[in-house]
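The structure under discussion appears below in the form of structure tokens.
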């Protein structure tokens, strides 16, 4: 997919690890200037190095998506220094996203943590990015989850906030279509930091998870989730909007 994003400017939130990191590197391989939106830029220098090695231009940005002023400043800095914003990929999730609970025992604190990173941040980022994406006829891409489509009993809050992103995608695709902005989401199944840790501590459990995937493995953030993300942010997907693409190796064929 080399060259699909030559000269384009893309901001990826939650780009320090996992899917976000993989997507950032894939955007770089496609030629993009990549805004690496992270809470602590000093801890993501290796990501910037990887983006540069992949052929992109890295821009480390302090971007805690729960802080509206900080995310606005990150977008403003990227546009001020590079003249445009062609795509925003909102990938950041709560550090507590894999914390199991049930409705009876769930805490308001846990709900607020999920909502702040996903529901409120999606709304704010969309509002902040809109004028720039309108100017560039760009794209908004949200990383949702199969849990937001089929539900997850141990992760009701995560399921709820991820489902909300699909609602944003459908509504914004209709509202922003006349502005020339495309809005889509990806529901990935990929090796996250949590799954990497599980693979080290309980490899048999990971093998059981992989056995449910027709292609026989969990997705790689860069090589499996990155290219579909590049596609949806490129002109190759100029007529695609309002969609959720399930990238799961066939694990979720009914979604």
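Entry remark, the stretch 165-194: residues being at pLDDT below 95 and surrounded by fewer than 19 Cβ atoms within 10 Å (Cβ to Cβ) number 2 in total. Taken as a whole, the structure places residue 29 among residues that are touching a residue at least 40 places away in the same chain (Cβ under 8 Å), farther than 30 Å from residue 153 by Cβ and more than 16 Å from the chain's Cα centre (by Cα).
Within the stretch 130-148, the only residue that satisfies the criterion of being in contact (Cβ under 8 Å) with a residue 40 or more places away in the chain, farther than 17 Å from residue 174 by Cβ, assigned to a helix (DSSP H, G or I) and in contact with a helix residue (DSSP H, G or I) (Cβ under 7 Å, 6 or more places away or on another chain) is 132. There is at least one residue in the stretch 227-237 that is outside any helix (DSSP H, G or I) and either more than 14 Å from the chain's Cα centre (by Cα) or at positive phi (or both).
Comparison of 160, 115, 129, 147 shows that the only residue that is crowded, with 17+ Cβ neighbours inside 10 Å and touching a strand residue (DSSP E or B) at 6+ places or on another chain (Cβ under 7 Å) is 129.
The values are calculated or read from the model by the stated rules, or taken from the named source; none is laboratory data. None of the values given here were measured: they were computed from a predicted structure. Using ideal geometry, Cβ is built from the backbone for each residue, glycine included, and neighbour counts are taken over all protein chains shown.
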